[in-house]
Amino acid sequence: MGLSEAQYKKIIDHYDRLRTEHHREELRRLKEVCEKIPGFEDLSHGSASASGETFRRRLSGDSQGKDKGELHDTLLKLREQKEKLLCENGFPKNYLDPILSCPDCRDTGFIGDEPCHCFTELSERFLQDSSNLRILLKTENFEHLSYDYYKGKDLEWFQKAVERSKSFISDFSADYRNLLFFGTVGTGKTFLTCCIAGELIKQGFSVSYYEASEFFDMLYHNAVNKSGAGTEEGIFPDCDLLVLDDLGSEVHSQFSSSRLFDLLNLRFLRRRPMIISTNLDLPGLQERYSNRIFSRIFSQFEAIELSGGDIRILRLQKRFKNTERNA
Ligand SMILES: [Zn+2]
């Protein structure tokens, strides 16, 4: 299964955005350096005018074979001078080098006509995002909605949760909302999350669905391999809805905590909705994550609690009873 046209376009957009971000950062750094080191700006102009001068001479026919060598020497000297100044002023030597997430393709995604390895990695990530969900959506959708496994208060809470899931879908393009499904194992959190995701996909929204442990593994893998780019946009999936299923199942680390915080911030800033589901209760969440993460979640997500027995077990028991009866 290959990339769809929309996915392909998203990847191309990703590279465009990456280059723009990097260029902006390069300019910012240059400005910072020029402000901090007197005389640096003149040196930069020196490089430009050295190249310009040779170019002009060549155009006017006043070209000597040694031009190229001379220019090379001049530029090299200027570069050394600049690097020395940078180091003396506490900047890394390569502070003003072009910023590239993938030097192999210079963030174009292609080497000649061939896709770069970073392009291949990205497209695999895209395909995986959608395939995780495709498998789940076969069984976890509103057609399979059943209230049979709930009673009393559990039933009441589940009915409310279904209503709020449906309103989340109908308000999706007009209202910015985030949902937090919490409650014990097997009470329907993943089911409702998938119902919402499936409906939104049908309406043409892009949805990325991750189990939390797999999500942080992926981020860690990308950080170690330095793929996915140095910008937050490159690190986190850029989709209309991001689902993090089973938050709390991931290995707890400084890395996952700080990534979670960055992710929440970035999506809030952009008003891009999220759904989180977790087996932890609210005090459990607060205990596991820092106060700043908890307060972000608490203030920005609508908390929906589900309760009851483990439906997966109840379903199995029912199926088992039916087979006994039919035997
Ligand atoms: Zn590349």
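Read-outs: derived from the displayed coordinates by stated rules, not from any lab. Quick caveat: nothing in here was measured; it's all calculated off a predicted structure. Cβ sites come from the backbone with ideal geometry, for glycine too, and all protein chains shown count toward neighbours.
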Considering the convex hull of the alpha carbon atoms of the chain, report its projected area averaged over all viewing directions, in nm², one decimal. 24.1 nm²
Are there any helices in the chain, counted as whole DSSP H runs, that stretch 15 Å or more along their axis by Cα and score at least 0.5 on average by Kyte-Doolittle, and if so which? 189-202
Run the lone-cysteine check on the chain: no other Cys C-beta under 4.7 Å from the residue's C-beta. 34, 87, 194, 195, 239
Once you list every other residue whose beta carbon is under 10 Å from the beta carbon of residue 294, what net charge do they have if Lys and Arg are +1 and Asp and Glu are -1? +2
Let's see if you can work this out: charge +1 on each Lys and Arg Cβ, -1 on each Asp and Glu Cβ, no other charges. What is the dipole magnitude of the chain about its Cα centre, in debye to the nearest 20? 480 debye
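Give me 255, 182 ranked fewest to most by other Cβ atoms within 10 Å of their Cβ, as a rough exposure proxy. Before the final figure, lay out each step's value.
Values: 255 14, 182 23.
With the sparsest Cβ surroundings first, the list reads 255, 182.
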Fraction of beta bridges assigned by DSSP in the chain that are antiparallel (%, nearest 5): 10 percent
Cross-link reach list, lysines versus residue 189, counting only Cα pairs under 22 Å and skipping chain neighbours closer than eight places: 138, 151, 153, 160, 166, 202, 318
Counting Lys and Arg as +1 and Asp and Glu as -1, what is the net charge of the other residues whose Cβ lies under 11 Å from the Cβ of residue 277? -2
Modelling each spin label as a point 7 Å along the Cα-to-Cβ direction, I'd like the residue 217/residue 26 distance in nm, to one decimal. 3.7 nm
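Extension gain residue 252-residue 125, at 0.36 nm per residue separation less the Cα-Cα distance, in nm? Display every interim value, and only then the final one.
Working: separation 127, 0.36 × 127 = 45.72 nm, distance 2.32 nm.
Answer, rounded to one decimal: 43.4 nm.
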As an exercise, find the ratio Rg/Rh for the range 70-176 from alpha-carbon atoms, using the Kirkwood inverse-distance average for Rh. 1.37
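Do any of 10/93; 36/93; 31/84 go past 24 Å between their Cα atoms, and which? Kindly include the intermediate steps, with their values, before the conclusion.
Values: 10/93 35 Å; 36/93 15 Å; 31/84 18 Å.
Result: 10/93 exceed 24 Å.
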Percent relative contact order for the chain, counting Cα pairs under 8 Å at least six residues apart, stands at 20 percent
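Which order do 97, 113 fall in if you start with the one that has the fewest other Cβ atoms within 10 Å?
Sorted ascending by nearby Cβ count, the order is 113, 97.
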Can you show me the helix-derived [θ] at 222 nm for the chain, built from DSSP H runs with n ≥ 4 at -39,500 (n - 2.57) apiece and divided by the number of residues, rounded to the nearest 500. -20000 deg cm²/dmol
